[in-house]
Every structure is written in C-alpha cells, then in structure tokens.
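Just below is one structure, and these are the notes that go with it.
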Amino acid sequence: MFKSLKEKLSHFKKKAKEDINKKESEKGDGGKDRPGSTSPDVDHKGAGRPKKESKFLKKVFARKERKKEREDQGPKVNREGEKGITLESAVTESGLKGDGILKVQGSLIDEKGGIFSKKITEKDLDNSLFELELALLESDVAQPVVERIKSFMIEELTGIKVGRKTDIDDLIEQALRRSINRVLSVERVDFDEFIKKQKKPVVVMFVGVNGTGKTTVIGRIGHRLKKAGISCVLVAGDTFRAGAIEQLSKHGENLGLKVIKHKANSDPAAVAYDALEHARARKKDVILLDTAGRMQTNINLMDEMKKIKRVAKPDMIVFVGDSLAGNDAVIQAQKFDETVGIDGVILTKIDTDAKGGAALSIAYTIGKPILFVGTGQGYEDLIPFDSNWMTERLFEG
C-alpha cells in the first residue's frame, strides 16, 4: 500500500537530512569547521580547555573581567549604551538547563548544540522541499495540497536548533508526519453516529463515475448496518445499466436485504420515490440509493442526478471514488460537489494504491471528510478512515 509514495518520501528525508547536516557542519568559528578536528569546540587533551574561543565567548569573558575590575574599584557604575552581556544572561538566552550545560573553566557548552548550534532557515530547506514537491506531484497529489504540505514543513522546521547530537532522521519524519496529518485533518464525520441520530428513514445517496465500485460499496454499507442492528433497504437507482440492477440484487440476496428495483431504463427518480414509500410503510431505518455512474462532464446525466436529489431528499450524499484514479478522483469529486453537493467520500481499492495521491488530496481539496476506505474484496473490507492510519501506512517498514 502506497509503496511508490513511501519510497519517494524516504528519498526526500535523505535529501533533507543532507541539507540540514550541511548546515550543521558549518557551525563553529565564522560558520566554518576547523580542518582536522572532529570536535571543534573542546580540546579534550588540554585539560578541557577550549582550543579557540568564539567571538561571542571572548566578549562574555571580556565583559566579566571589566565588571570584576569595576567592582574592585568601588561601587558599580552603569555605563550608558553598554550592553551587560554576562554568563548568566548567556545561559538564560540559550535556554539551557541542568546536564545540558558543561562548565569548562568558565566557558559554557551545550551538549545538544547550544550556543554552537545553528537554526534551520527556509533557505536551508529549498533543495529538499523541491524534492518533496516532485515526489508528491509524481504520486498524483493535487498541486494545492503539495503547496500546503510544503508550507507546513517550513512552519514545522524553520527556527529549530540542530547540533551534533540532534536526531535529524526523527526530526524530519516527525515534521512530515505532522504536516501530512494536518492536510488530512478535515472535520471528521462518524457515519454510524450520523445514522443513529437522524430522523428515520435516513436516505443516503451514492454518486460517482462508472467503475469506482459504488454498487459494491452499497452492499458493504448494508452489511455494516445490518451487523449493527439497523434495518435498511437497497435501491437500484442505476437503471441505465442492467448489470448494475443484477449486481445490487445479488448483494441483497447474499445479505438478506430488500432491494427496490424497476426494469432497465426506467426513471431512476421513480425508483427512489417507491423506495421512500416502502421504507416508510415498513419502518425501515436507512435507504441506500445507488445511482448511475456518469462522467462529471456529461451535463444531461448530471442534471438528471439533480432530479433524483429533489425526489429522494437525501440526508447524506456520498461520493465513491477509485483511489487508483489519483488526481482524476479529486477532479470528479469537485464536479459532483458543485452539481449536487457531497457530504463525504468513500475511496475504494486503497489496498492496491501505490501512489496515495487521491487519499492525500481529496479531503483537503473539497473540504469534505473521507468516511471509509475499501481495503479488499469482502463485505468486511470497508474501514472508517483515520488520518493517523494513513500516516502510519506511509511511514511503516
């Protein structure tokens, strides 16, 4: 699952680590490493004495000596315009505490980077963020989502201090995890709770293009509701394709659920009306309404869907998308949302999706939650979507 995207993200992490390590290796005097020294800050052979003090430390020690001289001469005099840089203020400004500070003959050195560490800047991330952009675009992630993830990464990493003991791998991965989670974190809708709280019968209308697995999804949702003790009826609203009526009828037979259907090429709005009457008379809890798969560019069929909506008055409209379609699934969802308005998304075939572009893009792009994802061929293989689940799959192994 998401194999291709995982490999690309792994490549990005290596590139980002190289860039940050390059930045970190420039710390020391004037931002340059001393040749031939693996530990430029301290000469451990020389009784712990620093080999060469930085300009900052020289200033600290000079101020300290002058202060001592003034104290020896009499009352302390405040000199106008002179900044009081002291060891104490250096410690306060560095934010160091406890074992993080080594006192070596009056000098202060942070074991985790401290005053010799460098802050990550946006410029340091330029090259690696370009790699990240390519990785996401090649995985069919929508451009607005790519830009958002990049901006989140800049926000997460800039200003962070890195030193020799910083775990760069973990730093980058955690920032990337949080950035992806933020993109996926559209307000979540609990489908099961929604069904329980709505006035009965609850009408759920399923829309999408041909071949995405709408009819199979309806069977799976019917199975889920039946297991929860919620009665439901399946509605064969895709009257343009005889195979769709037969397929839904087969699901109804397998699950022991009633299927409302008319002959092929009947008016789908009439089928929806009959389903409403049946559900009210038999006190059914939920109506699961299938609709004909249609391309989002077919104006006549999209207009007909508006008619079905007027008749059925659905409480929830669910777009069913094929995760393998990548960015096309996002475009389809946008068009259906503009035409009839969608309340949530179900992505199918996510178990065979190597790229993950649709899953990363669709919720952020249309601002609607992913309700479920299809993870296999069985009735049980439909699980509630969780952004943490998605993130874990991207970084596992």
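The values are calculated or read from the model by the stated rules, or taken from the named source; none is laboratory data. Everything quoted here is computed from the prediction, not taken from an experiment. All Cβ positions, even for glycine, are placed from backbone atoms using ideal geometry, and neighbour counts span all protein chains on display. For the accessible areas, the whole protein counts, side chains as well, though only heavy atoms, and no ligand, DNA or RNA atoms are used. Shrake-Rupley method; radii C 1.70, N 1.55, O 1.52, S 1.80 Å.
Summary of computed values
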| item | result |
| --- | --- |
| Segment 150-187: number of residues that are at pLDDT below 85, among the aliphatic types (A, V, I, L, M) and over 13 Å from the mean Cα position of the chain (by Cα) | 2 |
| Condition check for R188: in contact with a Phe, Trp or Tyr (Cβ under 9 Å, 6 or more places away or on another chain) and open to solvent by 40 Å² or more (accessible area, probe 1.4 Å) | yes |
| Boolean, D343 is in contact (Cβ under 8 Å) with a residue 40 or more places away in the chain and either farther than 21 Å from H251 by Cβ or open to solvent by less than 30 Å² (accessible area, probe 1.4 Å) (or both) | yes |
| Members of segment 128-149 that are part of a helix (DSSP H, G or I) and within 16 Å of the chain's Cα centre (by Cα) | L132, E133, A135, L136, L137, Q143, P144, V145, V146, E147, R148, I149 |
| Residue count for segment 150-205, restricted to those that are among the β-branched types (V, I, T), free of Cβ contacts under 8 Å to residues at least 60 places away in the same chain and outside any loop (DSSP other than H, G, I, E, B) | 1 |
| Total residues in segment 364-385, condition free of Cβ contacts under 8 Å to residues at least 40 places away in the same chain and of a type outside the set (A, V, I, L, M, F, W, C) | 4 |
| Qualifying position, being under 17 Å from T215 (Cα atoms) and β-branched (V, I, T), among I317, I342, I299, I331 | I317 |
| Leading residue by the ranking (surrounded by the most Cβ atoms within 10 Å (Cβ to Cβ)) among those in segment 121-155 that are over 20 Å from I350 (Cβ atoms) and in contact with a Phe, Trp or Tyr (Cβ under 8 Å, 6 or more places away or on another chain) | L132 |
| Test result for E193, open to solvent by 10 Å² or more (accessible area, probe 1.4 Å) and either touching a Lys or Arg at 6+ places or on another chain (Cβ under 8 Å) or polar (S, T, N, Q) (or both) | no |
| Counted residues, segment 205-235 - those being modelled with pLDDT of 95 or more and more than 19 Å from Q334 (Cα to Cα) | 19 |
| Qualifying position, being closer than 13 Å to I218 by Cα and either in contact with a His (Cβ under 9 Å, 6 or more places away or on another chain) or in contact (Cβ under 8 Å) with a residue 12 or more places away in the chain (or both), among A270, A275, A312, A236 | A236 |
| Residue within segment 305-316 that is closer than 21 Å to R188 by Cβ and touching a Gly at 6+ places or on another chain (Cβ under 9 Å) present | yes |
